[in-house]
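Asker: Questions regarding the structure given below will be posed in turn.
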Amino acid sequence: MEYKTYYNYLTRIALNNKLSDDDYDFFAKHNLMLYAYWLEYKSGQGDISFFKKKLFMYKLDYRKILQDLCEVGKIFGQKGIQYLVLKGIAIAETYPEPFTRSMGDYDILVHVEDFDKAKEALLELEYITDSKLNTYKDATF
């Protein structure tokens, strides 16, 4: 986390200043845009209909992510692949509302002996990969 940016943001909040471009950049980089929209709404600067639309979209995205991970978990289970979801959705329950922890990707850890089986399982689910991004221990789909 960029502590200086976060400190500057907290200072502006303490002084009741509007969100700056740096604040929005920080929120976007750390997948916290819904929080930024909520701050605007709470402070009277934002439009409630805009906030509600964004909230709805975040909930839809969260539901899709859960469905995708359930699909991956099911096929991994069928193939006897042990796995661990790292960060993102795995820590979403620590947020006031789980869907506010948005994600752009899923980080899944598998045993090295299951690596090839896991790659094949993801291909069966029609995930697409670029062989240039894959190594013997890391694959991007």
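Asker: I want to confirm something. Restricting to region 48-70 and keeping residues that are closer than 18 Å to ALA121 by Cα and surrounded by fewer than 13 Cβ atoms within 10 Å (Cβ to Cβ), which single residue is modelled with the lowest pLDDT? Show your work before the answer.
Answerer: So the first thing to find is which residues in region 48-70 are closer than 18 Å to ALA121 by Cα, and the list is 65-70.
Subset that is surrounded by fewer than 13 Cβ atoms within 10 Å (Cβ to Cβ): 67, 70.
Values: GLN67: 85, CYS70: 88.
If we take residues in region 48-70 being closer than 18 Å to ALA121 by Cα and surrounded by fewer than 13 Cβ atoms within 10 Å (Cβ to Cβ), then GLN67 is modelled with the lowest pLDDT.
Asker: Taking region 36-73 as the search range and keeping residues that are more than 17 Å from ASP107 (Cα to Cα) and of a type in the set (Ser, Thr, Tyr), which one is farthest from the chain's Cα centre (by Cα)?
Answerer: Only one residue tops the list, namely SER43.
Asker: Here's a follow-up. When the residues of region 76-107 are narrowed to those that are buried (at least 16 other Cβ atoms within 10 Å of the Cβ) and at pLDDT 85 or above, which ends up nearest to the chain's Cα centre (by Cα)?
Answerer: Checked region 76-107; the qualifying residue nearest to the chain's Cα centre (by Cα) is TYR83.
The values are calculated or read from the model by the stated rules, or taken from the named source; none is laboratory data. Since the model is a prediction, treat every value here as computed from it, not as a measurement. As a convention, Cβ positions derive from the backbone with ideal geometry for all residues, glycine included, and neighbour counts pool all protein chains shown.
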